[in-house]
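Rule-based calculations on the coordinates, nothing more; no lab input. Quantities reported herein were computed from a predicted structural model and do not represent experimental measurements. In this analysis, Cβ positions are derived from the backbone assuming ideal geometry, glycine residues included, and neighbour counts consider all displayed protein chains.
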Amino acid sequence: MRKIILISIFLFCIFVNTSFSNISKYFGSSKLSLDETGVINFFRYLNGTFHSENNFLDRARNLTPMYYAISKDGKVGYGWFCESHIQNDCYDNFLAFKIVEFCQEYAKEKCAIFAIKNEIVWNKSNIVIDKLDFDENIEILKKLNFYDNTANKFLKINKNNYLDYVNLQKDKCSSQKDLVEYLNLRGASLNCLLPGRYELRQSDLNSGRD
């Protein structure tokens, strides 16, 4: 019995490592410089707060983060979520490929995956973000050389107000990059929501929910 359990664990580890290696080609591996908007958008992703592009209600919130992609110039972010508060409650059918493609179509720039769930994978960082703590997460991004808050003397976000931006209820922005400037483009401005899509729960799909 013990031998069967060990073999099962071994096969599971092979499957996980193989799956991870198959999608690693979509991970970012270049120098990346985030501004305030880039930081807040990542916090929004971790918080599950975004503007849904595959729902007529336009917005969803407090969903489970699955993938976060960002344009290689660091200007535009894009998230993918699971309509559940339970990890692994949504199917992951080629989502690494999908989010990069959707991000590139949206941003009109090359994109790559920055994080899977709550783990930063850009440049093989493999750093897990355990909580939405401003000071702690800012330090992590600085140590990884993704963010330099000393380069701008006129920063808008701080420990006291960052949740106001993360929990933004609505915006007056657009998802049409060809029609608006970055100031009014979702995913590229502090005052605009993070654009993204979400997956239905496995149980909903299996029950035939549209």
Which loop trypsin sites (Lys or Arg not before Pro) in the range 43-143, with loop taken from DSSP, have no more than 14 other Cβ atoms within 10 angstrom of their Cβ? Lys108, Lys110, Lys131
Just the number, please: percent antiparallel of the DSSP beta bridges in the range 26-206, rounded to the nearest 5. 65
Add +1 for every Lys or Arg and -1 for every Asp or Glu among the other residues with Cβ under 10 Å from the Cβ of Tyr147, and state the total. -2
Given the options Ile116, Asn184, Tyr165, identify the residue whose Cα lies farthest towards the positive end of the charge dipole of the range 26-206 (+1 on Cβ of Lys, Arg; -1 on Cβ of Asp, Glu). Asn184
Give, in nm to one decimal, the length gained when the segment between Asn191 and Asn54 is fully stretched (0.36 nm per residue of separation minus the Cα-Cα distance). 47.2 nm
Starting from the Cα-Cα distance between Asn160 and Ser174, subtract it from 0.36 nm times their residue separation and give me the gain in nm to one decimal. 2.3 nm
With a ≥ b ≥ c taken as the square roots of the eigenvalues of the C-alpha gyration tensor of the range 26-206, please select rounded if a/c is under 1.5 and otherwise prolate if a/b is larger than b/c or oblate if it is not? rounded
